[in-house]
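Sharing a structure below in structure tokens format, with a few things to ask.
The values are calculated or read from the model by the stated rules, or taken from the named source; none is laboratory data. Everything quoted here is computed from the prediction, not taken from an experiment. Reconstructed Cβ throughout: ideal geometry from the backbone, glycine too, with neighbour counts over all protein chains shown. Protein only, heavy atoms only, side chains kept; ligands, DNA and RNA dropped before computing areas. Shrake-Rupley method; radii C 1.70, N 1.55, O 1.52, S 1.80 Å.
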Amino acid sequence: MRYFASARAAAGVEEEVLQLPAGASVAEAVVALRDLHPETLPRILQAASFLVDGVAVRDRSRPLPEGAELDVLPPFAGG
């Protein structure tokens, strides 16, 4: 897991290792993150975008490959 911007502030770390069962989906990873940081991350995760190994995820039911890197990208403002 890598966190960016407000997700990093909410998690209190830049990155962490999350142990999930084989074949777990992005959605299951999001649930695990909510459980890990219940006071700070749920609202951010609801609006966040995700990258799996650098590729944008549109379908949160997508299974995560073993050893995948999941990035949490909160909405960004600016231009």
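Which ones in the stretch 63-78 are within 10 Å of ALA29 (Cβ to Cβ) and part of a loop (DSSP other than H, G, I, E, B)?
Across the stretch 63-78, the qualifying residues are LEU64, ALA68.
Looking at GLU69, GLU16, which one is open to solvent by 30 Å² or more (accessible area, probe 1.4 Å) and without any contact (Cβ under 8 Å) to a residue 40 or more places away in the chain?
After ruling out the rest, the residue left standing is GLU16.
Determine whether VAL52 is at pLDDT 95 or above and surrounded by fewer than 16 Cβ atoms within 10 Å (Cβ to Cβ).
So VAL52 does not fit the description; no.
Check the stretch 25-41 and report whether any residue there is more than 12 Å from the chain's Cα centre (by Cα), hydroxyl-bearing (Ser, Thr, Tyr) and surrounded by 13 or more Cβ atoms within 10 Å (Cβ to Cβ).
yes
Count, please, the residues in the stretch 25-54 that happen to be farther than 14 Å from MET1 by Cα and either β-branched (Val, Ile, Thr) or assigned to a loop (DSSP other than H, G, I, E, B) (or both).
Selection size over the stretch 25-54: 4.
Under 10 Å from the mean Cα position of the chain (by Cα) and either of a type in the set (A, V, I, L, M, F, W, C) or open to solvent by 20 Å² or more (accessible area, probe 1.4 Å) (or both), is that true of PHE76?
No.
Keeping to the stretch 22-53, report how many residues are over 15 Å from ALA68 (Cα atoms) and not aliphatic (A, V, I, L, M).
The total comes to 10.
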